[in-house]
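K.L.:
Sharing a structure below in structure tokens format, with a few things to ask.
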Amino acid sequence: MLTGELAALGSLALSAFLAATVLPGGSEAVFAGVLALHPELAPAAVLTATVANTAGGMSTYLLGRLLPRKETPPRLAMVARWGSVTLLLSWVPLLGDALCAAAGVLRLNWLACLLWMGAGKGLRYLAIAWAMQ
């Protein structure tokens, strides 16, 4: 892989990670830019963005888990009812960060959260890549 391609994937990874934390921002524009400049990197870009975005989401999960456990607030009822499968929606702007934090607060199984979160985020990047073909 060439230096420019590695730089593109590195920038994508950083953007995707930060976008999934409590910091504002999105990674879709960077992802689309990488695909526009390097269409041959589509599989690597989807994988890079998915892994980095999922890692960022799991960091938000961890922050939620570090909060002291009290009674479950009513606004977490949906996440408590549906469990880790709600993290399929973790890619949705604003809502996704809250879902990841709620999963941590509720002490949902981390592995199930990781898998559902990765699936949702991966499907989003696949959809963007498909739309750009």
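K.L.:
Note down the nm distance, to one decimal, between modelled labels 7 Å out along Cα→Cβ at Arg69 and at Val22.
P.N.:
Distance between the two pseudo-spin positions: 2.0 nm.
K.L.:
Highest GNM mean-square fluctuation, the chain, Cα pairs closer than 10 Å: which of Thr48, Thr60, Thr72?
P.N.:
Thr72
K.L.:
Taking a quarter of the surface of the Cα convex hull of region 1-108, what do you get in nm²?
P.N.:
Numbers: hull surface 27.9 nm².
Dividing the Cα hull surface by four gives the mean projection, 7.0 nm².
K.L.:
Right, another one. How do Ser59, Ser84, Ser90 rank when sorted from fewest to most other Cβ atoms within 10 Å of their own Cβ?
P.N.:
Ser59, Ser84, Ser90
K.L.:
Using the count of nearby Cβ atoms within 10 Å as a rough guide to exposure, how do Arg124, Arg107 rank from fewest to most?
P.N.:
Details: Arg124 23, Arg107 10.
By the 10 Å Cβ count, ascending: Arg107, Arg124.
K.L.:
log10 I(q)/I(0), Debye, Cα-only region 45-133, no solvent, q = 0.18 Å⁻¹?
P.N.:
Each listed q maps to, in turn, -0.69.
K.L.:
Oh, and also: Tilt of helix 3-19 relative to the longest C-alpha principal axis of the chain, in degrees (0 to 90, nearest 10)?
P.N.:
20 degrees
K.L.:
Once the Cα atoms of helix 28-37 and of the chain are each reduced to a long axis, what angle between those two axes, in degrees from 0 to 90 to the nearest 10, is obtained?
P.N.:
Tilt of helix 28-37: around 20 degrees.
K.L.:
Pick from Leu67, Leu12, Leu35: which residue has the top mean-square fluctuation in a GNM of the chain where Cα pairs under 10 Å get a spring?
P.N.:
Looking only at Leu67, Leu12, Leu35, the biggest GNM fluctuation is shown by Leu67.
K.L.:
In degrees between 0 and 90, to the nearest 10, how far off the longest principal axis of the chain does helix 42-66 point, with axes built from Cα atoms?
P.N.:
For 42-66 against the chain, the angle is about 20 degrees.
A short reminder: the numbers here are calculations on the coordinates, not readings from a lab. Computed from a predicted model, the values in this text were never measured in an experiment. We place every Cβ from the backbone using ideal geometry, glycine too, and count neighbours over all the protein chains shown.
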